[in-house]
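Taking it in order: structure first as C-alpha cells, then the write-up.
The values are calculated or read from the model by the stated rules, or taken from the named source; none is laboratory data. Just so it is clear, the model here is predicted, and its values are computed rather than measured. Using ideal geometry, Cβ is built from the backbone for each residue, glycine included, and neighbour counts are taken over all protein chains shown.
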Amino acid sequence: MARVLYFLYGVVVYVLFLGTFLYAIGFVENFHWKLFGNLFFVPKSIDFGGKYSPWTAAIVIDAALLSLFAVQHSAMARKGFKEAWTKIVPKPIERSTYVLFASLCLITLFAFWRPMIGIVWSVENQTLARVVQIVSLAGFGIVLIGTFLINHFDLFGLRQVFRTLQGQQPAALRFITPGFYKVVRHPIYLGFIIAFWAAPVMTTGHLLFAIATLGYILVAIQFEERDLVREYGKDYQDYRRRVGMLLPVKRGGE
C-alpha cells in the first residue's frame, strides 16, 4: 500500500511541477490575459496584474521571495540535508518532496510578487522585439531539453516512485554528457539565464528578478560542482577542465 501511495504522491507532485513550470513561462514572458484577452494566459505576470507597492517596499518583498526560493532550492539539495531529511521523509519520495517545496516556493513568489514597471530598456522595433522574445522562449526550451538529456523523470522524482512501485531499488545515475552537456557544463542554468535576460521590455522589477537569479545561479553552481566532484571524482574534474561552465568555450584538457 505504501508503494502505491508513494507513486500517487510522486505523480501529483510532478503534475504540480508541470503547472508551475508552464506558469513560470507565462509569468516571465508577460503572457498576461489582460494583454492578450485569453483566459489560457496567466492572471498575473512579472509586470502586470499584481499589487503595486511603493518602490522600496516592492524591492524588499520581491527580494525576500527570491531569497526564499534560493535558500530552499539550494539547502534541500545538499547531501547533509538529504541525509537528515530522509530520517523523516521516506527515501523513495525525497526527490518528489524537494520538487514539491520548490514548486510551492515559486507559487508563493508568483502570488506575492510586486511589479516595478520603470523601463530600463525597450526594443521599439516590433520585429526585433518578437525575435528577442523568441530567444527568451528558446531559453526555456533549453531548460526542458536539458532535463531530458540527463534524466528528466529522475530529476523530478517520478523515476524513484515508479521503481519503488515495481519493488526495485533506486537506480544509480551514470555520469554522462549528452547533447548540450558537451558544449557547456550547466545548460539548464544557461537556459534560465537566456530566458530571464532576453526581454524586449526590461522593467526594474524584471531586472531585479534577472540579477537575483543570475547571482543565485553563479553561487549554486559552486555548491553543485563541489558535490559532483565528490560523487564522480576524476571524471567530473576532467570534464570541468575541458568544458566551459556557462559559455561554449573549449578549454584545455584531455
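Restricting segment 232-247 to residues that are touching a residue at least 40 places away in the same chain (Cβ under 8 Å) and assigned to a helix (DSSP H, G or I), which is surrounded by the most Cβ atoms within 10 Å (Cβ to Cβ)? I'd like the intermediate steps shown before the answer.
In the first step, residues of segment 232-247 are kept if they are touching a residue at least 40 places away in the same chain (Cβ under 8 Å); the result is 232, 235-236, 239-240, 243-247.
Filter once more, keeping what is assigned to a helix (DSSP H, G or I): 232, 235-236, 239-240.
Numbers: TYR232: 15, ASP235: 14, TYR236: 18, TYR239: 20, ARG240: 16.
Residue satisfying both the conditions and the ranking: TYR239.
Could you tell me whether any residue of segment 145-160 is more than 30 Å from LYS91 (Cα to Cα), in a helix (DSSP H, G or I) and modelled with pLDDT of 90 or more?
Our first condition is that a residue be more than 30 Å from LYS91 (Cα to Cα); within segment 145-160, this holds for none.
No; the residues of segment 145-160 include none that is more than 30 Å from LYS91 (Cα to Cα), in a helix (DSSP H, G or I) and modelled with pLDDT of 90 or more.
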**OP:** Provide a single number: the residues in segment 50-78 that are touching a helix residue (DSSP H, G or I) at 6+ places or on another chain (Cβ under 7 Å), over 17 Å from VAL99 (Cα atoms) and modelled with pLDDT under 90.
**Re:** 1
Original post:
Of the residues that make up segment 81-96, is at least one over 17 Å from TYR216 (Cβ atoms), β-branched (Val, Ile, Thr) and in contact with an Asp or Glu (Cβ under 7 Å, 6 or more places away or on another chain)?
Top reply: yes
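Report whether or not PHE148 is aromatic (Phe, Trp, Tyr) and either over 26 Å from SER45 (Cβ atoms) or in contact with a His (Cβ under 7 Å, 6 or more places away or on another chain) (or both).
On the way: aromatic (Phe, Trp, Tyr): yes; either over 26 Å from SER45 (Cβ atoms) or in contact with a His (Cβ under 7 Å, 6 or more places away or on another chain) (or both): yes.
Answer is yes for this residue.
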**OP:** Looking only at segment 198-212, count how many residues are assigned to a helix (DSSP H, G or I), surrounded by fewer than 21 Cβ atoms within 10 Å (Cβ to Cβ) and touching a residue at least 40 places away in the same chain (Cβ under 8 Å).
**Re:** 4
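Name the single residue, out of those in segment 46-60 being surrounded by 16 or more Cβ atoms within 10 Å (Cβ to Cβ) and hydrophobic (A, V, I, L, M, F, W, C), that is nearest to TYR189 (Cα to Cα).
Of the residues in segment 46-60, the ones surrounded by 16 or more Cβ atoms within 10 Å (Cβ to Cβ) are 46-50, 58-59.
Next, from what is left, pick out any that are hydrophobic (A, V, I, L, M, F, W, C): 46, 48, 58-59.
Numbers: ILE46: 20, PHE48: 26, ALA58: 26, ILE59: 24 Å.
The qualifying residue nearest to TYR189 (Cα to Cα) is ILE46.
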**OP:** Would you please list the contacts, defined by Cβ atoms under 7 Å and residues six or more apart or on different chains, that run from a residue in segment 65-85 that is in contact (Cβ under 8 Å) with a residue 24 or more places away in the chain to a residue that is among the charged types (D, E, K, R)?
**Re:** LYS79/ASP227
**OP:** Considering only residues that are among the hydrophobic types (A, V, I, L, M, F, W, C) and in contact with a strand residue (DSSP E or B) (Cβ under 6 Å, 6 or more places away or on another chain), look in segment 173-200 and name the one that is nearest to VAL123 (Cα to Cα).
**Re:** LEU190
Original post:
Is it true that some residue in segment 28-45 is touching a Lys or Arg at 6+ places or on another chain (Cβ under 9 Å) and closer than 21 Å to ILE194 by Cα?
Top reply: yes
Original post:
When PHE81 is evaluated against the numbered criteria (1) under 30 Å from ASP62 (Cβ atoms); (2) modelled with pLDDT of 85 or more; (3) of a type in the set (Phe, Trp, Tyr), which criterion, by number, is the only one it fails?
Top reply: (2)
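Is there a residue being under 24 Å from GLU29 (Cα atoms), in a helix (DSSP H, G or I) and among the aliphatic types (A, V, I, L, M) anywhere in segment 167-188? Before the answer, list the steps.
Taking segment 167-188 as the starting set, the residues that turn out to be under 24 Å from GLU29 (Cα atoms) are 180, 186-188.
With in a helix (DSSP H, G or I) added as a condition, the list becomes 180, 187-188.
When the remaining residues are screened for being among the aliphatic types (A, V, I, L, M), the result is 188.
The answer is yes, given that some residue of segment 167-188 is under 24 Å from GLU29 (Cα atoms), in a helix (DSSP H, G or I) and among the aliphatic types (A, V, I, L, M).
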Original post:
For segment 133-181, which residues satisfy the criterion of being in contact with a Lys or Arg (Cβ under 9 Å, 6 or more places away or on another chain) and on the phi > 0 side of the Ramachandran plot?
Top reply: GLY157, GLY167
Original post:
Can you pull out the residues in segment 109-131 that are exposed (fewer than 14 other Cβ atoms within 10 Å of the Cβ), among the charged types (D, E, K, R) and not in a helix (DSSP H, G or I)?
Top reply: GLU124
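Answer yes if at least one residue in segment 83-102 is within 18 Å of TRP197 (Cβ to Cβ) and either assigned to a helix (DSSP H, G or I) or in contact with a helix residue (DSSP H, G or I) (Cβ under 9 Å, 6 or more places away or on another chain) (or both), and no otherwise. Quick ask: steps written out before the conclusion?
So the first thing to find is which residues in segment 83-102 are within 18 Å of TRP197 (Cβ to Cβ), and the list is none.
The answer is no; no qualifying residue exists.
Please find, within segment 132-182, the residue that is surrounded by the most Cβ atoms within 10 Å (Cβ to Cβ) out of those that are among the hydroxyl-bearing types (Ser, Thr, Tyr) and under 20 Å from the mean Cα position of the chain (by Cα).
SER136
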